[in-house]
């Protein structure tokens, strides 16, 4: 919960400037759901672990609501990465159909797994020395969802790396660099592909971030298969929060890079200015021109000074 709140305070300025005034698009709705969804299920998890004198029925309802919210939140966050990948491939129809189809299938399979998992849960009375809920039974079938998540993220990153090798060298604009950088494990993958990191302007944090998510997903797989029922959700809340943070950062970084590119493009210069002046007694006109271009910003400041 502390990580979630601290991250929100660190980006609220960019969010107000780049997201709130923007048009209503699918990406904006995905961002809002991914950003503010954890503020629903994370407090429920705090209650689950720390509430005193909580009944088994309340624990079951709490766990079902928070787990469903976590599942929906991770699906929403992954769809942000899907949209980013489709954009990298120039909105290719084949890529769009393939990724959307796989995403829908993953969502359906994950929903079925969640149904069987939530149906298997049972809670006992609270142990007097300890606060929180006491889960006494729960199926390990939910590990399938984290296997799907690991495979899906590897697919997204592999597609990003493949496109980067063919495209990034030819275009080094801030927007393109940001699209390839965020959420991609290129820092390590390109080493195995024998591509020099100096050729690709991708900082290490993207690789570190993805590796953290990958480790957490693998940890959840291990956790749901070998640990006792009371520790089933030891890592899933952290995984949920990090997915929200990473994918929302992707949206903000892309919008900041796009704005920077627009500002850079808008700094247009006039090709030349030519003036006519009278020459001699007979009033002949002489053309005198400037050989260098005059930036619009300099011209504007010059006009302002003349007007004072």
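The values are calculated or read from the model by the stated rules, or taken from the named source; none is laboratory data. Computed from a predicted structure; not experimentally measured. Here the Cβ positions follow ideal geometry from the backbone for every residue, glycine too, while neighbour counts run over all protein chains shown.
Among 18, 3, which is the only one that is within 19 Å of residue 247 (Cα to Cα), touching a residue at least 12 places away in the same chain (Cβ under 8 Å) and surrounded by 16 or more Cβ atoms within 10 Å (Cβ to Cβ)? Lay out the reasoning, then the answer.
Numbers: 3 fails: surrounded by 16 or more Cβ atoms within 10 Å (Cβ to Cβ).
Being within 19 Å of residue 247 (Cα to Cα), touching a residue at least 12 places away in the same chain (Cβ under 8 Å) and surrounded by 16 or more Cβ atoms within 10 Å (Cβ to Cβ) holds for just one of 18, 3, which is 18.
Kindly establish whether residue 52 is surrounded by fewer than 18 Cβ atoms within 10 Å (Cβ to Cβ) and modelled with pLDDT under 90.
Working: surrounded by fewer than 18 Cβ atoms within 10 Å (Cβ to Cβ): yes; modelled with pLDDT under 90: yes.
So residue 52 passes the test.
Select from the range 27-60 the residues that are in a helix (DSSP H, G or I) and farther than 15 Å from residue 73 by Cα and list them in ascending order. First the steps, then the outcome.
Taking the range 27-60 and keeping what is in a helix (DSSP H, G or I), we get 27-36, 38-50, 56-60.
Passing the criteria: 46, 47, 48, 49, 50, 56, 57, 58, 59, 60.
Picking from 85, 58, 70, which residue would you name as being more than 30 Å from residue 164 (Cβ to Cβ) and buried (at least 18 other Cβ atoms within 10 Å of the Cβ)?
Unique residue meeting the criteria: 70.
From (1) surrounded by fewer than 20 Cβ atoms within 10 Å (Cβ to Cβ); (2) part of a helix (DSSP H, G or I); (3) under 21 Å from the mean Cα position of the chain (by Cα), pick out the condition that doesn't hold for residue 91.
Tallying (1) surrounded by fewer than 20 Cβ atoms within 10 Å (Cβ to Cβ); (2) part of a helix (DSSP H, G or I); (3) under 21 Å from the mean Cα position of the chain (by Cα), residue 91 fails exactly one: (2).
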